[in-house]
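Q: The structure that follows is given in the form of structure tokens.
The values are calculated or read from the model by the stated rules, or taken from the named source; none is laboratory data. Everything quoted here is computed from the prediction, not taken from an experiment. Quick reminder, even Gly has a Cβ in these numbers, built from the backbone with ideal geometry, and neighbours come from all protein chains shown.
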Amino acid sequence: MTTMDARSMGTSVRRIEGPDKVTGTATYAGDSVADGTLVLHPVQAGVARGEITAIDTAAAQALPGVVAVLTHRDAPTLGDTGDPEHRVLQGTTIHHRGQYVAAVLAEHAEVAAEAARLVVVTVDENPSTTGFDPDAQAYTPSALANGQPPDSGVGDPDAALAAAPVVVRASYATPMEHHNPMEPHTTTATWVDGRIEVFEATQGVESSRQTLATLFDAEVVVHASHVGGGFGSKGLHAGTVLAVLAARTVPGRPVRFALGRRQMFETVGYRPATVQHMALGASRDGRLEVVTHDVVGATARYKEFVEPAGGSTRSMYAAPHRRTSHRAVPLDLDGPTYMRGPGEAPGSFGLECAMDELAVALDLDPIDLRVRNEPEVHPENGLPFSSRGLVECLHAGAERFGWSSWDRTPRRRLVDGWWHGVGVGCGTFPTLRFPGSAAEITFTGGRYVVAIGAADIGQGARTVLTQIAADALGVDVGSITVEIGSTQVPVGSIAGGSAGTASWGSTVVEAADRFRDKYGENPDDGDHADAATPDNPWAGEYAMAAYCAQFAEVAVHADTGEIRVPRLLGMFGVGRILNPTLGRSQLQGGMVWGLSMALHEESVVDPRFGEVINHDFAGYHVASNADVRVVEAEWIDEDDPYINPMGAKGIGEIGIVGVSAAIANAAYHATGVRVRSLPITCDDFLTSGLL
Amino acid sequence: MSTTIPLTITVDGEPRDLDVDPRTTLLDALRDRLGVTSTKKGCDHGQCGACTVLLDGRRVLACLTLAVAKDGADVVTANGLATDGELHPVTEAFLANDAYQCGYCTPGQICSAVGAIDEARQGMPSAVTSDLTGEVTLDRTEIAERMSGNLCRCAAYVNIVSAVEEASRA
Amino acid sequence: MKPFTYARPSEASEAVAALAADPDARFLAGGTNLLDHLKLGVVEPSQLVDVNRVTSTAIEDLPDGGLRIGAGVPNSDLAADPRVRERYPAVAAAILAGASGQLRNMASTGGNLLQRTRCVYFADPTTPCTKRDLSQGCSAREGWARYHAILGTAADGCIATHPSDLAVALVAVDAQVQVLGPDGARTIPIGELHRLPGDDPTRDTVLAHGDLITAVDLPAPTPAVRNSTYRKVRDRASYAFALVSAAVALEVRDGTVADVRIALGGVAHKPWRATVAEAALRGRPATDDEFRAAIAAELDAAEPVRSPLGGNTFKLPLVTGTVVSTLRGLAGGTA
């Protein structure tokens, strides 16, 4: 088994759609401005739980420019997708604040918004719980969001903890966070003769098509040429269903629904809050005897999603005794969902901070501690690793970062009024391949047209698939045209789980192999071949994952407690990097997400109102340009012949994993203050008494 | 219902007539009335910078600008920066430095960068200018501060700073 | 947003008369705050009176060595003016610490002073807010109060903070605000422009309906003002409102504080002139201990909020750290 030869792969081909993006001529879902497009503005529930008893739409309907007002009274019965979020306007029950209860269609945005304000919804309110209390009654879910079991265990962890010479026990908290892609979720839908055409901000045109087809029992075409970021949030949410319901009432006229930023905090999912109870027991020479990671996380009462925060603890370090568990506290909020590094991003905060605390307790370099606990095989299922670059990442990263030049004693370096320190955090993310894609290659006009319903959400799918196709066909990238982002080309799986490139790329390679087998090097015009995603013969034989070691330098102001991150270095073991420029961009972006998670992001639910109260970019901070200083992403040479023909592990998620722990650990090293709750802000230091 | 008001604005070099409701923002006027979709709506509240355009030569937020108040104004979007078929140096630098990923904030970033470089050339200081009365040197710290009104959730910030740095020296 | 009409008078008196004739009309200047609030439904005017043609965009020298800043001067132009940068560094620094380049290009001098609180409850008409509606209570006291006031609050009342950076610096330099109202022109010391919430938190300032700020006068700079700066502490390195800010001016002679001005942002319903601390410092040695003692005296009256969603008791050490660090920097030490 070997990975395929690379000519274009591994080179920095520029983004193919670059010229369109930098001029603004790339069309996103809200940019199709056909004449006669109507604007939808929703009416949303003002309480977290209740029953609608009346809706008065008269004033809204009387407003000039209003075309229609939709409520549950006149909505058709939708097909069942199994997802409660898709049951839009299907009844009177309110499950969460912000749920769509009506919608206005109007000629112009300002009229639609004003009319929506005039719709009077009368509700019998029921008691609700929207604030996350980790000590509240929790239940054991049947499965985590990624399908894994909620609990795992080996040996007798409690006895091992009682016996271990050195034990660290601590609890870590991560808050609710919202994805906030710059492009708000947007749908432009037209209903003509029982056929629905949708321009959609989606991470998967085919999954959107299937959902809408089930709901509306209609032929559906979905387009997503360009998607303004997704990060897990751009599955099919209620807003799309609402837009199509509205389009159904005005056949032939496009209906556009572009969410406002506040609606992004109540209708398109989020990363749920967790509290992670960690216990590590070790011998005095730093061998882990036991690791336990017990997670309590928030979920929605009406739609379960349990963040698999303990998942990476199952594979990161060797220890004969181990346990992970997940319990869920149901809240009357909209449903949580996948968010960049789902499970691993918050989970690595708990595990990697605890490892740092153990290193302090052992008076051991935190890098040495991790190296000493490197497993030979997957510590729970016993599978060999297809490749595992963690130790090499730690060593290469430490070298590049200048780790050894820092005294490990906390609170030693004060420069111009700022305490400086360094920290490390590690991470992993599974290397997956989703089934179900199909690719078609047609030779036409001297070019190879490669069609697959992939989504480019900024990760560079269009470009990298071009490179993969070129190498698989043995031609220059200039001979390839890749067509993606539509259900009018063969199906593609979603852009998610860091599996997009692996899934689509494997399919394209398969189609290319068939094409060459059928037509050789000199095909005729019109020759074509297709293929479905091949199974990975090594699935189940090897544990497959990406690894990283993240290094952070942190500065904390000695008077004010302000925290800054002057330097981040991520060292990655991710197989072959298919496009160094695009890959570095994506990894750096993930690392900045980690920085943003560490220092800024927190959705604050006010349980009196059942809503996220800091529901805009002024209240919910994401990292700005000035927060980001030196951010370097580098990788080790890693040849993994078992994962896919390209030898490429997904890189969308791994960039964020471990960063928040590296920053928290560096903050401890800088100041001596251990912060176990994100985000880390000045008050953590001001109230410590240590400044 | 308010009555509409006629006005003319020049968009990317072309005079455009339109009738707008007084409530219509410049952003909605551009996108919905004139079909100029290069300018993006990211938050509609002045908190993200995606709608940045050059208005009479200065970078502003189209979402917080009422169209009626800008009769006669000259608006340039990222799609209007090119001259004689040549991409603007800032546009070219964004391409060369991979200073974007999903591309949604990019037109606003580029308009903002053009404005920021111009402001620095005029000697306008920023919050990180160490000597308020001295010369402005557009180093990476200065660029990052001056570009902080443009959020990028893909977090292409490192490359955005590189692009602006490169373009500012052109 | 509710429909409104739009007028663009060419004389300031016309603009003032337009408001005087319509209790629901509003002035439109830079629009950066007003448009936000129109979209949120926080304000619902019948008419917008655009004052961009009637307010001066000039910065003029005054005979006493001061400056007159036209109310229409964009924030970015004010911060860039060489006279302001040299003579009133705290004023330039305060503007540059606020908002973003785009917003500073749009926002006017007068409008900056009249921007409204960024309290999240004020900006969300679905939650009760005593600043929007006197008949309602304050949601922030039991809510997300991280950005809220610790000084000058009324019992159980509004704990909103004033968000302007510029106003804080103007308070430190004793600016005078020129106002044209229905009854003619008058001058208001900047320290008297903004109000504490008292029994009417709906009013941010002493201005009456129809009062138009036409200019802001900066008095001739004292040695302390020439040695002034603005320090803003926020949760993000840029493009964020202040947790706490301080405009500080300091003159030290022979190791002793000869003159000092301290104005605080992010702590009260108005820019807070720290007169107690200033009095405590004058004539005292310019040392950290003295700085710390002085600001502690100022904070004796502080009433931070303890809320289930995160209070603001941390602002006590934060104000102390910010002011001490800034004074130290102006005295020649490490800020």
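Q: Please verify whether residue C:304 is farther than 14 Å from residue C:248 by Cα and either crowded, with 20+ Cβ neighbours inside 10 Å or in contact with a strand residue (DSSP E or B) (Cβ under 7 Å, 6 or more places away or on another chain) (or both), treating the condition exactly as stated.
A: yes
Q: Okay, next question. For residue A:472, which of the numbered conditions (1) more than 30 Å from residue A:345 (Cβ to Cβ); (2) not in a helix (DSSP H, G or I) fails to hold?
A: (2)
Q: While we're looking at this one, here's another question. Restricting attention to region A:148-171, and to residues there that are β-branched (Val, Ile, Thr) and in contact with a helix residue (DSSP H, G or I) (Cβ under 9 Å, 6 or more places away or on another chain), which single residue is surrounded by the most Cβ atoms within 10 Å (Cβ to Cβ)?
A: A:168
Q: Outside any loop (DSSP other than H, G, I, E, B), of a type in the set (Gly, Ala, Ser), modelled with pLDDT of 95 or more and not assigned by TED's automatic domain parsing to the domain that holds residue C:233: which single residue out of C:160, C:167, C:149 fits that description?
A: Unique residue meeting the criteria: C:167.
Q: Could you please let me know if residue A:564 is of a type in the set (Lys, Arg), assigned to a loop (DSSP other than H, G, I, E, B) and either modelled with pLDDT of 95 or more or surrounded by fewer than 24 Cβ atoms within 10 Å (Cβ to Cβ) (or both)?
A: So residue A:564 fails the test.
Q: Just to be sure before I move on: is residue A:70 of a type outside the set (Asp, Glu) and within 30 Å of residue A:272 (Cα to Cα) in the structure I sent?
A: So residue A:70 does not fit the description; no.
Q: Which one is nearest to the other protein chains (Cβ to nearest Cβ) among residues in region A:1-35 that are of a type in the set (Gly, Ala, Ser) and without any contact (Cβ under 8 Å) to a residue 24 or more places away in the chain?
A: Step by step, filter region A:1-35, then rank; the result is A:24.
Q: Also, I was wondering about something else. Restricting to region C:5-56, name every residue that is basic (Lys, Arg) and within 19 Å of residue B:63 (Cβ to Cβ).
A: Hits for region C:5-56 are C:26, C:39.
Q: For the subset of region B:110-134 comprising residues that are of a type in the set (A, V, I, L, M) and assigned to a helix (DSSP H, G or I), which member is farthest from residue B:61 (Cα to Cα)?
A: B:120
Q: Related question: Given the criteria modelled with pLDDT of 95 or more, assigned to a loop (DSSP other than H, G, I, E, B) and within 13 Å of chain C (Cβ to nearest Cβ), does residue A:641 qualify?
A: no
Q: Could you check how many residues of region A:624-634 are touching a Lys or Arg at 6+ places or on another chain (Cβ under 9 Å) and either surrounded by fewer than 24 Cβ atoms within 10 Å (Cβ to Cβ) or hydrophobic (A, V, I, L, M, F, W, C) (or both)?
A: 7
Q: In this structure, is residue B:98 within 11 Å of chain A (Cβ to nearest Cβ), assigned to a loop (DSSP other than H, G, I, E, B) and of a type in the set (D, E, K, R)?
A: Spelling it out, residue B:98 is indeed within 11 Å of chain A (Cβ to nearest Cβ), assigned to a loop (DSSP other than H, G, I, E, B) and of a type in the set (D, E, K, R).
Q: Going through region A:38-62 one residue at a time, which ones are within 14 Å of chain B (Cβ to nearest Cβ) and buried (at least 17 other Cβ atoms within 10 Å of the Cβ)?
A: Of everything in region A:38-62, those that are within 14 Å of chain B (Cβ to nearest Cβ) and buried (at least 17 other Cβ atoms within 10 Å of the Cβ) turn out to be A:38, A:39, A:40, A:41, A:60.
Q: When region A:407-428 is examined, which residues are found to be surrounded by 18 or more Cβ atoms within 10 Å (Cβ to Cβ) and assigned to a loop (DSSP other than H, G, I, E, B)?
A: Matches in region A:407-428: A:410 only.
Q: Take residues that are more than 7 Å from chain A (Cβ to nearest Cβ) and under 30 Å from residue C:118 (Cα atoms) and tell me which of the strands (runs of 3 or more DSSP E) falling wholly in region B:1-88 contain 2 or more.
A: Per the criteria, B:52-55, B:58-61.
Q: Please determine, by comparing only the residues of region A:674-689 that are assigned to a loop (DSSP other than H, G, I, E, B) and in contact (Cβ under 8 Å) with a residue 60 or more places away in the chain, which one is surrounded by the most Cβ atoms within 10 Å (Cβ to Cβ).
A: Step by step, filter region A:674-689, then rank; the result is A:678.
Q: Quick one: is residue A:130 touching a residue at least 24 places away in the same chain (Cβ under 8 Å), on the phi < 0 side of the Ramachandran plot and not in a strand (DSSP E or B)?
A: For residue A:130, the condition - touching a residue at least 24 places away in the same chain (Cβ under 8 Å), on the phi < 0 side of the Ramachandran plot and not in a strand (DSSP E or B) - is met.
Q: In addition: Looking only at region C:124-144, decide whether some residue is at pLDDT 95 or above, within 27 Å of residue B:64 (Cα to Cα), within 19 Å of the chain's Cα centre (by Cα) and not charged (D, E, K, R).
A: The answer is no, given that none of the residues of region C:124-144 is at pLDDT 95 or above, within 27 Å of residue B:64 (Cα to Cα), within 19 Å of the chain's Cα centre (by Cα) and not charged (D, E, K, R).
Q: Tell me, which strands (runs of 3 or more DSSP E) lie completely within region C:19-128 with 2 or more residues that are in contact with a Phe, Trp or Tyr (Cβ under 9 Å, 6 or more places away or on another chain)?
A: Output list reads C:25-28, C:47-50.
Q: Something else: Select from region A:393-412 the residues that are without any contact (Cβ under 8 Å) to a residue 24 or more places away in the chain and either closer than 18 Å to residue A:357 by Cα or of a type in the set (Lys, Arg) (or both) and list them in ascending order.
A: A:407, A:409, A:412
Q: Follow-up. Out of everything in region B:121-154 that is under 15 Å from the mean Cα position of the chain (by Cα) and touching a residue at least 40 places away in the same chain (Cβ under 8 Å), what residue ends up being nearest to the other protein chains (Cβ to nearest Cβ)?
A: B:149
Q: Condition (residue is buried (at least 24 other Cβ atoms within 10 Å of the Cβ) and charged (D, E, K, R)) applied to region A:276-298: is it met by at least one residue?
A: No, there is no match, as no residue in region A:276-298 is buried (at least 24 other Cβ atoms within 10 Å of the Cβ) and charged (D, E, K, R).
Q: Next question, about the same structure. Quick check on residue A:230: is it part of a loop (DSSP other than H, G, I, E, B) and within 14 Å of another protein chain (Cβ to nearest Cβ)?
A: For residue A:230, the condition - part of a loop (DSSP other than H, G, I, E, B) and within 14 Å of another protein chain (Cβ to nearest Cβ) - is met.
Q: Considering only region C:293-321, how many residues are of a type in the set (D, E, K, R), over 20 Å from the mean Cα position of the chain (by Cα) and closer than 27 Å to residue C:192 by Cα?
A: 2
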